[in-house]
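Below is one structure; the comments refer to it alone.
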Amino acid sequence: MPYFHRLFVRIFGVESETIIPGVSHSETPNSMKIHRILPFLLLGLLAACSSNRDKELLDKANYAFQAKNIAEATTLYEQIVNDYPDSPSAPKALYALGSIYQTDPKNAAKALDAYEKIATQFPKDSLAPRSVFVCGFLAANVLNDTAKARKYYDRYLAEFAAVDSNITRSVRLELANLGKTPEQVLQELQNTAN
């Protein structure tokens with residue numbers, strides 16, 4: 001028996017002739033083994049191929065974004081979020097969507113929603129602390145919703161204050177000036193400088 005043939009029999013437990021197309025497929029106990037495991041092998045292969053699809057889409061979306069093709073990037077980021085909501089690429093896609101949406105004040109609510117999804121669905125992700133901060137910033141400075149902003153800022157201080165001292169400092173400054181106009185903040189800074 002040739003080496004390849006012996007190896008095939010040892011690995012798969014069947015004669016190679018029983019699963020090679022164009023060769024007799026008699027229903028022997030050995031050939032039935034491969035028929036039982038083949039669907040599982042194919043499922044495993046399919047899962048391995050699809051697990052990289054979200055990363056491929058993210059790379060393609062990032063490339064489109066860098067090339068200033070915002071419409072294509074947005075479509076690809078949304079596809080990742082919709083088709084692969086639990087993948088490691090989803091929070092990255094959501095963050096990119098939030099960044100795209102926040103460039104237009106009319107889309108501030110959509111941006112807030114994207115960042116909020118990161119904070120709630122992926123609280124352990126490295127983007128969660130910054131997302132909570134940006135939610136507060138958008139709520140306070142674009143949507144003029146101080147109550148919502150306070151909620152996000154308080155959450156940041158409770159959960160993420162130790163993560164980034166610069167953001168923590170900004171959160172405290174935002175909370176101290178919440179509801180004030182830029183003129184009022186400037187006047188207070190001038191008064192404290194004197």
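Of the numbered conditions (1) assigned to a helix (DSSP H, G or I); (2) under 19 Å from A111 (Cα atoms); (3) open to solvent by less than 80 Å² (accessible area, probe 1.4 Å), S170 satisfies every one except a single condition; which is it?
The single condition S170 does not satisfy is (2).
Of the residues in segment 89-109, how many are at pLDDT 95 or above and either charged (D, E, K, R) or not in a helix (DSSP H, G or I) (or both)?
1
Take N141 and tell me if it is without any contact (Cβ under 8 Å) to a residue 12 or more places away in the chain and under 30 Å from N82 (Cβ atoms). Spell out the reasoning first.
Working: without any contact (Cβ under 8 Å) to a residue 12 or more places away in the chain: yes; under 30 Å from N82 (Cβ atoms): yes.
So N141 fits the description; yes.
Looking at L112, L143, L138, which one is aliphatic (A, V, I, L, M) and either surrounded by fewer than 23 Cβ atoms within 10 Å (Cβ to Cβ) or not in a helix (DSSP H, G or I) (or both)?
Result: L143 is the single residue among L112, L143, L138 that is aliphatic (A, V, I, L, M) and either surrounded by fewer than 23 Cβ atoms within 10 Å (Cβ to Cβ) or not in a helix (DSSP H, G or I) (or both).
I'd like the residue in segment 96-109 that is free of Cβ contacts under 8 Å to residues at least 24 places away in the same chain and of a type outside the set (G, A, S) and, out of all such residues, is surrounded by the most Cβ atoms within 10 Å (Cβ to Cβ). Walk me through it before giving the result.
So the first thing to find is which residues in segment 96-109 are free of Cβ contacts under 8 Å to residues at least 24 places away in the same chain, and the list is 97, 99, 101, 103-104, 106-107.
Imposing the further condition that a residue be of a type outside the set (G, A, S) reduces the set to 97, 101, 103-104, 106-107.
Values: L97: 25, Y101: 21, T103: 10, D104: 10, K106: 7, N107: 17.
Of everything passing the filter in segment 96-109, L97 is surrounded by the most Cβ atoms within 10 Å (Cβ to Cβ).
Under 6 Å between Cβ atoms, at least 6 apart or on separate chains: pull out the pairs that start in segment 45-73 with a residue that is at pLDDT 85 or above and end on any residue that is outside any helix (DSSP H, G or I) and surrounded by 15 or more Cβ atoms within 10 Å (Cβ to Cβ).
D54/Y84; D54/S87
In segment 116-135, which residues are assigned to a helix (DSSP H, G or I) and either in contact with an Asp or Glu (Cβ under 7 Å, 6 or more places away or on another chain) or not basic (K, R) (or both)?
Across segment 116-135, the qualifying residues are E116, I118, A119, T120, Q121, A128, P129, S131, V132, F133, V134, C135.
Just the residues that are aliphatic (A, V, I, L, M) and open to solvent by 20 Å² or more (accessible area, probe 1.4 Å), please, taken from segment 61-95.
Of everything in segment 61-95, those that are aliphatic (A, V, I, L, M) and open to solvent by 20 Å² or more (accessible area, probe 1.4 Å) turn out to be A67, I70, A71, V81.
Identify the residue in segment 146-167 that is assigned to a loop (DSSP other than H, G, I, E, B) and free of Cβ contacts under 8 Å to residues at least 24 places away in the same chain and, among all such residues, is most open to solvent (accessible area, probe 1.4 Å).
Step by step, filter segment 146-167, then rank; the result is A162.
Can you tell me which of V163, V185 is modelled with pLDDT under 95, β-branched (V, I, T) and under 26 Å from S87 (Cα atoms)?
V163
The values are calculated or read from the model by the stated rules, or taken from the named source; none is laboratory data. What you see is a predicted model, and the numbers here were worked out from it, not measured in a lab. Counting neighbours? That spans all protein chains shown, and the Cβs are built from the backbone with ideal geometry, glycine included. Each accessible area value is taken on the protein alone, full model and side chains, heavy atoms only, with ligands, DNA and RNA left out. Shrake-Rupley method; radii C 1.70, N 1.55, O 1.52, S 1.80 Å.
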